[in-house]
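First the structure, in the form of structure tokens, and then the observations on it.
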Amino acid sequence: MVEGKIVVLMGSQRDSDFASRIESFLQEEGFDVPCEYVVASAHRRPRKLLDEIEKFEKKEERIVFITVAGLSDALSGVAAGSTKYPVIACPPDSEKYGYAKLFSSTVTPKGVAVAYVPKPENAALSAVKILGLFSKDLERNVAEYMLKQAGKVSS
């Protein structure tokens with residue numbers, strides 16, 4: 001088991017179907033990384049969001065946050081500005097809103113870093129690669145996954 005986890009912060013319970021693809025990918029590809037889901041809106045319940053992030057900060061675990069928030073994505077920026085851990089924005093409506101969504105999720109002040117990965121499976125893979133920096137087993141799993149993907153392409 002990896003000494004770390006992925007925490008999926010969702011702006012609303014309505015985001016759960018989209019967000020569940022993160023854990024499904026981890027299971028389907030055999031990545032032994034725990035995944036925890038938290039609903040905490042930056043707009044409607046900012047105190048809850050900050051309390052949840054503070055709870056994770058105190059645990060001193062290796063964490064990668066993946067934020068899943070539709071419409072105006074304050075969740076990603078507020079999370080990134082409130083934690084020492086990486087934050088990956090994975091909005092459920094990026095296909096619908098295109099570049100406007102990219103702007104909403106990632107244009108943040110200097111010192112507030114948010115990565116943008118619109119497909120939940122790729123957000124999960126990005127988080128796994130980050131956690132793999134601290135786990136030889138997970139790093140090996142990522143390398144095997146990459147070889148498998150390369151094998152799907154005809155030469």
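Could you list, in sequence order, all residues of segment 65-82 that are surrounded by fewer than 17 Cβ atoms within 10 Å (Cβ to Cβ) and polar (S, T, N, Q)? Explain how you work it out, then say what you get.
The initial filter retains those residues of segment 65-82 that are surrounded by fewer than 17 Cβ atoms within 10 Å (Cβ to Cβ), namely 71-72, 81.
72 - this is the single residue of segment 65-82 that is surrounded by fewer than 17 Cβ atoms within 10 Å (Cβ to Cβ) and polar (S, T, N, Q).
Among (1) over 16 Å from residue 77 (Cα atoms); (2) in contact with a Leu (Cβ under 9 Å, 6 or more places away or on another chain); (3) not charged (D, E, K, R), which single condition is residue 24 missing?
All conditions pass for residue 24, except number (2).
Among (1) crowded, with 19+ Cβ neighbours inside 10 Å; (2) closer than 28 Å to residue 139 by Cα, where does residue 24 come up short?
(1)
Give me a count of the residues in segment 83-98 that are within 15 Å of residue 7 (Cα to Cα) and surrounded by fewer than 23 Cβ atoms within 10 Å (Cβ to Cβ).
4
Which condition number in (1) within 15 Å of the chain's Cα centre (by Cα); (2) farther than 30 Å from residue 140 by Cβ; (3) surrounded by 22 or more Cβ atoms within 10 Å (Cβ to Cβ); (4) of a type outside the set (A, V, I, L, M, F, W, C) is the one that residue 101 fails?
Of the numbered conditions (1) within 15 Å of the chain's Cα centre (by Cα); (2) farther than 30 Å from residue 140 by Cβ; (3) surrounded by 22 or more Cβ atoms within 10 Å (Cβ to Cβ); (4) of a type outside the set (A, V, I, L, M, F, W, C), the odd one out for residue 101 is (1).
Just so you know, all these numbers are worked out from the coordinates, no wet-lab data involved. Here the structure is a predicted model, which is why all the values come from computation and not from measurement. Ideal geometry is used to build each Cβ from the backbone, glycine not excepted, and the neighbour counts take in all protein chains shown.
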